[in-house]
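Bear in mind that the values in this text are calculations on the coordinates, not laboratory data. Please read all numbers here as calculations on a predicted model, not as lab measurements. Because the Cβ atoms are built from the backbone with ideal geometry, glycine has one as well, and the counts that use them run over all protein chains shown.
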Amino acid sequence: MKLNAIERGDGPETVVFLHGLFGRARNLGFLQREASQTFRTIALDLRNHGGSPHGPVTYPAMAQDVLETLDDLGIERFSVVGHSMGGKVAMMLALADPDRVTRLMVADMAPARTQQGHGDMITKLDAITFPPELTRSETLDLLEPITGSRAVAELMAQNVSLDGIPGWAIGFDEITQGIGQIEGWPDLQVAPYEGPALFLRGGNSSYVRPEHHPLIHALFPHARIRTLEGAGHWLHAEQPRPFISEMMAFLTGQNI
């Protein structure tokens, strides 16, 4: 499956950016712009998100989408930065095709099942009946009681089409059917990824816990696990400058 891609920069090395659940490539635009001063950068809409095609959800399939898209763009080797669900796709890429992945950076995610209540939220979102006419402000008011915050409602609203009859503009049914896969992690019998890896967790987040550290090191023996204090799961949005500092130091080989 060929994914929708946003390209910036023309450096000799490539960095690929992968967003989280209900996100899209442009959500990581400020990270991409920073990295594009040094690297060629590609931000992708993962399947069922943004402008990419829809299909059943598994991490091997999503990783294969990325590889097929990069093949189409003529990119052989690349570093990858993934947040949340995109972090799991990034891990899968490194494990499935380690010779192509130069560096792996995972933002607030572990190779484990993460039960964070998305299933309950999706059930409520699935029950929404969109009125025949809807403004952006009304969309936010409709979503906020379900998402629990205005910020998450803003994220979700980008997935609602207000052109014509309002409705989901993404592969919502596929995401609903695949939420167990998204919150899970496949049982893999693979060799570990021996390249450089950085797992950057939010200090206020519960996604990467101490019991996950052995799992990380088993699959990524050279991984460094670092904490961004004062940040939750959306650490790149909550602490953008410290996140960018960590990211650029790692991608340029200074943080090893």
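What to note about this one:
- Most positive-pole-ward Cα, S79, T147, S245, against dipole of the chain from beta carbon charges: S245
- Under-5 Å amide H pairs with L228, H placed in peptide plane, nonlocal only: R201, G202, G203
- Sorting the segments 206-217, 76-87 by their residues' average number of neighbouring beta-carbon atoms within 10 angstrom, most packed first, yields 76-87, 206-217.
- Each part gets one Cα centre, and for the stretch 1-68 versus the stretch 135-165 those centres are 23 Å apart.
- Full extension of the chain segment joining D120 with L73 gains 13.1 nm, where the gain is 0.36 nm per residue of separation less the Cα-Cα distance.
- Rough spin-label spacing in nm, given labels placed 7 Å along Cα→Cβ, for Q177 and I165: 2.0
- Mean projected area of the convex hull spanned by the Cα atoms of the chain, taken over all viewing directions: 13.0 nm².
- Stokes-Einstein diffusion coefficient of the stretch 118-177, Kirkwood radius over Cα pairs, 4 °C, 1.567 mPa s, in µm²/s: 111
- Note on the stretch 104-256: dipole from Cβ charges, positive end direction compared against A107, L198, T176; the farthest Cα belongs to L198.
- Relative contact order (percent, whole number), the stretch 118-177, Cα cutoff 8 Å, 6+ residue spacing: 34
- Mean separation of Cα contacts under 8 Å, 6 or more apart, over the residue count of the stretch 75-169: relative contact order %: 20
- Peptide packing for 35-47, 221-233 was compared via the average number of neighbouring C-beta atoms within 10 Å per residue; ordered from the highest value, the list is 35-47, 221-233.
- Under 5 Å from the amide H of R103 lie the amide H atoms of S79, V80, each residue being 5 or more positions distant or on a separate chain, with H modelled from the backbone and absent for Pro and chain starts.
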